[in-house]
Amino acid sequence: MNSGVLVAIDSSGCENRFPNCVRVELEIRPIDEDSFDLVADIRFGEQRIRTNKYGEVTFGLRRGRLKVELDKGKVPLRNIKLDKVFQTEVEVKVQQVEGQEKKVGGNLGFKAGASAVGTSTSSAGQEFSYKEYRVRTEGEQTDPCWVFEAEYMDFLEGLLREAELATVNVLEKPCRLIATFEVRNIEDICLKDGKLLGIKNITKKKLAVVERWIAKRWIEEALKDKPYLSRVELAYG
């Protein structure tokens, strides 16, 4: 059995333009000569940028689309795997210091499956916090798409580890794919805070209007030449 070959096309095969906001890494895991699993590691968070026009802005994503364009491959509906609610798990380790709990470290990651949002503490003294998000699928067999959405929180945050997106049927070798993580419009962006230039003594309502305008302008400028936040190019065979 031929195990297949994972190839990054060139030095630009993986590009993450705003890695603190969203960083995408994809892996091909061969099944046989005619199929492979597409596996993703995706980190979501906050990105702070400094602009010449608007000052400093911190933003996250309410929603984002991971689109995979296949050349000589296809993904039937029955081969799609990540298509339900997923959940972020934040683990914070604590220790007793003179009768008080003190945080000493943490680990952030996504845990598959649905669960109620809340917190709990184990007998070992480890505290877990849960945030629930949703993912839905779109597209055709040659261009499947996964839409990630913040369900109860302001923006997507955490690490999705080794998530099997789909099994790809290889029609001919080499089977190539280009995956891009994109935002569609201003509603996909969540501005957290920032030091906006020239804005003083403004009401929250007016500030929200200004922020929406800045987000719109920033999206237009940042995505004018490259209409994506992340891009990965791979080949099998």
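None of the figures in this text is laboratory data; all of them are computed from the coordinates on show. Computed from a predicted structure; not experimentally measured. Every residue, glycine as well, gets a Cβ built from its backbone with ideal geometry; the counts of neighbours run over all protein chains shown.
Figures for the structure shown
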{"quantity": "For the stretch 68-83, 3J(HN,Hα) per residue [Karplus equation, 6.51 cos²θ - 1.76 cosθ + 1.60, θ = phi - 60°, Hz, x = Gly/Pro]", "calculated": "10, 9, 9, 10, 6, x, 8, 10, x, 4, 5, 8, 7, 10, 8, 8"}
{"quantity": "Approximate spin-label separation residue 225-residue 48, in nm, with each point projected 7 Å along Cα-to-Cβ", "calculated": "2.6"}
{"quantity": "Simple label model, 7 Å out from Cα along Cβ direction - residue 173 to residue 213, nm", "calculated": "5.8"}
{"quantity": "Built amide H within the under 5 Å cut-off of residue 83, gap 5+", "calculated": "none"}
{"quantity": "Greater than 29 Å apart at Cα, pairs in 67/206; 192/224; 81/173; 67/205; 72/216", "calculated": "67/206; 67/205; 72/216"}
{"quantity": "Computed FRET value (nearest 0.05) for residue 151 with residue 32, which takes r as the C-beta separation and R₀ as 35 Å", "calculated": "0.45"}
{"quantity": "Karplus 3J(HN,Hα) series, Hz, for the stretch 32-47 with 6.51 cos²θ - 1.76 cosθ + 1.60 (x for Gly, Pro)", "calculated": "7, 5, 10, 7, 8, 8, 9, 10, 10, 10, 10, 10, 10, x, 9, 10"}
{"quantity": "Percentage of interatomic Cα-Cα distances in the stretch 148-195 larger than 14 Å", "calculated": "72"}
